[in-house]
Amino acid sequence: MKFIDRIEEQHILHKALDNKERKFIVVYGRRRLGKSTLIKRVLKENDVYYEAEKNEQAVQMSLLAHTVNASYPHFDAVQYLSWEGILMNFNLVCKENSTLVLDEFPFLVEKTPSLPSTLQRLLDSGELRFNLIICGSSQRMMQKIVLDSSEPLYGRAHEKINLQPIRLKYWHKAMKWNAVNSIEEFSVWGGVPRYWALREEYDDLTDAIDHLILDEHGVLYDEPAALFMDDISEIAPYASIMTALGNGNNRFSNVANAVGKKTTELSKPLNNLSNMRYIRKEVPFGENEKKTKKTIYRIDDPFMSFYYRFIAPNKSLLSLGRKQIVLDTIHTEMPEHVSFIWERLCQIAVSGNTLFGHTWNVARRWWGKVPIFDEGKKTPIGYEDLEFDVVAEDFNNPSTILVGECKWKSADYADRLLQQLKTKTQKAPFSQGKKIVYVLFLKEHPLVSADCSIMLPENVIDCLP
């Protein structure tokens, strides 16, 4: 697979490394995002790239010396007893403005907790003749190193790159699929380059899912556990929370009940999962995020969402080789799974964008109960549950709002959908006294048009950042 996107990140690295002053750069993000590949693309001939493994300190330093030796002969002729010794010797022999990369830096710190303090002294001394890049897949440890004010390296980094999954727009362009297929594929692989590279080896999506995820020997069969182990020692609470969310338990109390824990015990792992961007908090449009009691949680990563909906609950069947029943379930429920991803993509396409003559603020869902009245009565006889897929306020004029309905199914009658949306909107508290811009987000061209804006998959992808 060819290298795609990462334009901004490459620019940041090139600009930093081409500077006459020595730079300290931190790159981190979950595994399989292409951190190492990104860094290698900007290195020059005399730079040194070292990828650490889970070895003892002496072995790690010996392997680094051997790696340096390939560019600077006889460097490994010395037995190094400390990190300061090996780094200062590299400082003596390296060419001016060269770069040393310490990849999987958390493995080094695990065996030598004093290493960040050593690097702090060297960086503060102003004597280094080389640029230093540290990189790691442990998001929590790497964030702690650079963001925690009590850590030795806090405030030392000249550049910090928190690498994120690649957005759908780039995959759509690279894979040259139609918009519908791109969204369906994205709903499984998300934005992780390694997953897409593996997917390319198979003829179709079903075949790839079968061999890569459902098969006990598949590369991605235990992928979430591997991801969690990069950041935490006890993965059971995290996997349990993700399984609960995958089963539709979105409220804090429901998650706690499903996991069998008190809500107080879940605050930390939920917060960690949110910081690692595996899940996200949602509050209804117009609600105060800090004060509302309507907060729910959703899996924010498409691959994780797919995995915890279809794979985690069926591990026992898969271990018996009963893949077909799981494949049948995926085939039946896949449109619903994709619809959640589609809804989120539509919200992102609207947020901060200028569409339909307006610039929109952040788009969200809205859900809640509205009262039902008998004609002429002021006392409600009951309450009705309402949901809206996309609601956004005009950035410059709060009296105008966008209300959208997302559908991921075969061609429908747009006029009927619009009328249903208008009827719902009239009951919604957020719409009272507002000018409404109605939008239908549809998988296919409607059978009958409607007097509103319609966005199809290709339109949504075009509007994504």
Next item on the list: Using label points projected 7 Å from each Cα along Cα→Cβ, tell me how many nm separate Gln426 and Lys111, to one decimal.
Entry: 7.2 nm
Next item on the list: Taking P(r) over Cα pairs in 10 Å bins from 0, in percent as the quantity of interest, determine which of (i) 4, 19, 29, 26, 14, 6, 2, 0, 0; (ii) 4, 17, 24, 24, 18, 9, 4, 1, 0, 0; (iii) 4, 20, 27, 22, 14, 9, 3, 0 was computed from the displayed structure.
Entry: (ii)
Next item on the list: Beyond 27 Å between alpha-carbons counts as too far, so tell me which of Lys281/Lys378; Lys293/Lys424; Lys111/Lys160 fall in that bin.
Entry: Lys281/Lys378
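Counting pairs of alpha carbon atoms under 8 Å apart in space and at least six apart in sequence, what relative contact order in percent does the chain give? Don't skip to the end; give the middle numbers.
Working: 711 pairs, mean separation 53.2, N = 465.
After rounding, I find 11 percent.
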Check: Using only Cα atoms, what Kirkwood radius does the range 351-463 have, in angstroms?
Finding: 15.1 Å
Note to self: Taking the beta-carbon count within 10 Å as an exposure proxy, list Ile461, Ile133 from fewest neighbours to most.
What the structure shows: Ile461, Ile133
Note to self: Kirkwood hydrodynamic radius, the range 223-317, all distinct C-alpha pairs: what's the number in Å?
What the structure shows: 13.7 Å
Check: What list of ³J(HN,Hα) couplings, whole Hz, do you get for the range 386-403 from phi and the Karplus terms 6.51, -1.76, 1.60, once you set θ to phi - 60° and write x for glycine and proline?
Finding: 10, 9, 10, 6, 9, 9, 9, 9, 4, 4, 9, 9, x, 7, 10, 10, 9, 10
Item checked: Where labels lie 7 Å past Cα in the beta-carbon direction, separation of Ser149 and Lys95 in nm -> 4.3 nm
Item checked: Range of Cα positions in the range 7-162 per principal axis (Å), largest first -> 39, 32, 30
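Can you pull the percent of Cα pairs in the range 105-195 with separation above 21 Å? Please list the in-between numbers first.
Working: 2007 of 4095 pairs.
That fraction is 49 percent.
Taken together, the values in this text are just the output of simple stated rules run on the coordinates, not laboratory data. Bear in mind the structure is a predicted one, so any value in this text is a computation, not a measurement. Note: ideal-geometry Cβ built from the backbone for every residue, glycine included; neighbour counts use all protein chains shown.
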